[in-house]
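The values are calculated or read from the model by the stated rules, or taken from the named source; none is laboratory data. Remember, predicted model here, so these are calculated numbers, not experimental data. Note that we place each Cβ from the backbone using ideal geometry, even for glycine, and neighbour counts take in every protein chain shown. Accessible surface is based on the protein model in full, side chains and every heavy atom, while ligands, DNA and RNA are left aside. Shrake-Rupley method; radii C 1.70, N 1.55, O 1.52, S 1.80 Å.
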Number of protein chains: 2
Amino acid sequence: MDILQKAFELIYKNGYQATSIDVIIASTNVTKGAFFYHFKNKESMGLALIEEVLSPGMYASMVRPLETSEDILEAIYQMMEGLLIDNPFFNIAYGCPAINLIEEMGPLNEAFADALRKIVLQWQEAIQKSLYEAQESGRIAKNTSPQQAALFITAGYGGVRNMGKILGKNCYLTYLKAFKHYLSTLK
Amino acid sequence: MDILQKAFELIYKNGYQATSIDVIIASTNVTKGAFFYHFKNKESMGLALIEEVLSPGMYASMVRPLETSEDILEAIYQMMEGLLIDNPFFNIAYGCPAINLIEEMGPLNEAFADALRKIVLQWQEAIQKSLYEAQESGRIAKNTSPQQAALFITAGYGGVRNMGKILGKNCYLTYLKAFKHYLSTLK
DNA sequence: GTAAAAACATACTAACTAGTATGTTCTGCG
DNA sequence: CGCAGAACATACTAGTTAGTATGTTTTTAC
């Protein structure tokens, strides 16, 4: 469904509430009748967008890079660098689409919050599991809680995405250096 | 100016664009004529709100707690705990008003971005300076860049504020534990 | 081939939006 | 007092919003 992809791009740049249905359909070749035939209302389109566009994309960038049995700290770093630097769909000025939606809709709509929470928890659990297994197999030290570290890492990501909107690419690069240093303390 | 305080509260909860002038004036005893007598337009009210309400409040919670010559790591931790837990004006579900505005308006309005960047840089520089001085006087190790650490710390704050919106208070508490552990690696 | 249902398209509506036009009231000053 | 400007108040406007009502076309089932 092409309309979800276009809606995703518009909402990524302008926010969910600020992106009107009229603008979405004007930028595709879909009429209002077709829109409301496929979606009960704007909210259900937003939820479909999270499920069908955002979630799969986030999973590919956040969780899959961790599916390695090699150096897990390196994998975590590569995942972060991939998200911040290499991802061609994201724009520093617009941040992360998932973080944006959490920020805007988390407090306003419980269904949005539920769908977004799933993405975040999935990511945290993947990091946590990786760290735990590395600890068990003796590849990294056991003096850090995997759960705490996973939350700490994901929080850092959300924050630097926010900061990048006003400070630009430089803060991504500085952040990555600090992040690498942090990861080295987990060894 | 009482209207700025009320507008601040409404925007904190609902976002800047989603808070209409009509709603602001309806929740105060100010009419539209008075509103547009005091502010050229909605944008200039938003900017006044940042300068006169948000900036002073943020400075008091973010920078002033660092004005100590004692244990700087403890001061940084207390600042973070004060921001996340003790601040009676903030609500976990609504996050941090400054972070919210950066997220929503940073990409859309250069004047907003400038005003918000000032707040963030002021905070980062205060942390950076504290860490640098502690390093110079030998109270903490010199193996970490104060600039990188300051950015890392502020990013973490923004991120956990975002995450708290969907994960609730528990993630604040877990974050603070991880944060304390991180600070201990700077010793 | 035709009837029914799916998949649209067009024109509308009621509520809301920032902002304006045009008034009125208050407040200090000579 | 009187009068000028500051400080409001009220009524309006043009544009936008999500959603609907009512159509038409396209596909599917038999």
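Just to check I understand the Karplus step: with θ = phi - 60° and J = 6.51 cos²θ - 1.76 cosθ + 1.60, what whole-Hz values come out for segment B:77-83, glycine and proline as x?
Result, rounded to whole Hz: 4, 4, 4, 5, 5, x, 5.
Name the chain A residue with the Cβ nearest the axis that maps A onto B: which is it, and what is the distance in angstrom?
Taking the axis that maps A onto B, the answer comes out as A:159, 2.
Modelling each spin label as a point 7 Å along the Cα-to-Cβ direction, I'd like the residue A:2/residue B:143 distance in nm, to one decimal.
So the two model labels end up 5.7 nm from each other.
Projecting each Cα onto the charge dipole of the protein assembly as shown (Lys/Arg +1, Asp/Glu -1 at the beta carbon, about the Cα centre), which of A:57, A:127, B:37 comes out farthest on the positive side?
A:127
Dipole size in debye (nearest 20) for the protein assembly as shown around its Cα centre, Lys and Arg Cβ +1, Asp and Glu Cβ -1?
120
Shortest first and in nm with one decimal, please list how far the residue A:111 label point sits from its counterparts in the other copies (point 7 Å along Cα→Cβ).
In nanometres, ordered from closest: 3.7.
Roughly what angle does helix A:169-184 make with the longest principal axis of chain A, taking Cα atoms, 0 to 90 degrees, to the nearest 10?
Tilt of helix A:169-184: around 40 degrees.
At residue B:141, label 7 Å along Cα→Cβ: distances to the other copies, nm, ascending?
Counterpart label points of residue B:141 in the remaining copies fall at 0.8 nm.
Within the P(r) computed for segment B:93-132, what percentage of the Cα pairs occupies the region above 13 Å?
Tail of the P(r) past 13 Å holds 55 percent of the pairs.
Dividing the convex hull volume of the Cα atoms of the protein assembly as shown by its residue count, what figure in Å³ per residue is obtained?
Output value, Cα hull per residue: 137 Å³.
May I ask you to compute the full-extension gain from residue A:89 to residue A:184, defined as 0.36 nm times their residue separation minus their alpha-carbon distance, rounded to one decimal in nm?
So the extension gain works out to 31.3 nm.
Placing unit charges on C-beta atoms (Lys and Arg positive, Asp and Glu negative, everything else neutral), compute the dipole magnitude of segment B:43-136 about its Cα centre in debye, rounded to 20.
The calculated dipole for segment B:43-136 is roughly 140 debye.
So what are the ³J(HN,Hα) numbers for segment A:151-156, from phi and the Karplus equation (6.51, -1.76, 1.60; θ = phi - 60°), rounded to whole Hz, Gly and Pro as x?
Per-residue couplings from phi come out as 5, 4, 5, 5, 5, x Hz.
Taking a label point 7 Å out from Cα toward Cβ, give me the nm distances from residue B:52 to the same spot in the other copies, shortest first, one decimal.
In nanometres, ordered from closest: 4.8.
Segment B:49-156: D in µm²/s via Stokes-Einstein (Kirkwood Rh, Cα pairs, 4 °C, 1.567 mPa s)?
88
Just how many pairs of Lys in segment A:42-182 have C-alpha atoms closer than 20 Å, counting pairs that are eight or more places apart or on different chains?
Counting lysine pairs in segment A:42-182 gives 7.
Computed over the Cα atoms of chain A, what is the convex hull's projected area averaged over all directions, in nm²?
Spelled out: convex hull of the Cα atoms, projected over all directions, averaged, 10.9 nm².
Per residue, how much accessible area does chain B have with a 1.4 Å probe, in Å²?
44
So what are the ³J(HN,Hα) numbers for segment A:112-122, from phi and the Karplus equation (6.51, -1.76, 1.60; θ = phi - 60°), rounded to whole Hz, Gly and Pro as x?
4, 4, 4, 5, 6, 4, 4, 4, 5, 5, 4
Summing Lys, Arg as +1 and Asp, Glu as -1, what charge do residues with Cβ under 12 Å from the Cβ of residue A:103 carry, residue A:103 excluded?
+1
Amide H of residue B:140 versus every other amide H placed in the peptide plane: which residues, excluding those fewer than 5 positions away on the same chain, fall under 5 Å?
Amide H neighbours of residue B:140, under 5 Å, 5+ apart: B:135.
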